[in-house]
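The values are calculated or read from the model by the stated rules, or taken from the named source; none is laboratory data. A quick note: this is a predicted structure, and the numbers were derived from the prediction, not measured. Backbone-built Cβ (ideal geometry, glycine too); neighbour counts: all protein chains shown. To get the accessible areas, we keep the full protein, side chains included, count just its heavy atoms, and leave off ligands, DNA and RNA. Shrake-Rupley method; radii C 1.70, N 1.55, O 1.52, S 1.80 Å.
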Amino acid sequence: MRRSERPQAAFGEAVRELRLKRGATQEEIAAGAGITPQTLSLIERGQANPTWDTARKLAAALGVSIGELAKLSEKHE
């Protein structure tokens, strides 16, 4: 994953919020999404944007639809 020149911090904030609500670690969610914990950390901190495939896998690992994740992201903007 490359760091983005235009990161979407709101998406990462939404991911972190959902992960913490579930009491899950970055390692658990990353494993469920098929990414490294380091990549998840970059996403959560708004330093990298996930691909569409990774965003869908993150939503599934968090137990929400991609639509729900998108709506929560909008609230963080």
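Remarks
- For the chain, size of Cβ-based charge dipole, Lys and Arg +1, Asp and Glu -1, in debye: 40
- In plain terms, the chain from residue 77 to residue 52 could stretch by 7.1 nm, reckoned as 0.36 nm per residue minus the Cα-Cα distance.
- Most mobile of 38, 26, 47 in a GNM of the chain (Cα contacts under 10 Å): 38
- Nonpolar atom fraction for the chain, defined as the carbon and sulfur part of the 1.4 Å probe accessible area, stands at 49 percent.
- Binning the C-alpha pair distances of the chain at 10 Å intervals from 0 yields a P(r) profile of 22, 62, 16, 0 %, listed from the shortest bin outward.
- Residue 66-residue 20 pseudo-label distance in nm [points 7 Å out on the Cα-to-Cβ vector]: 2.7
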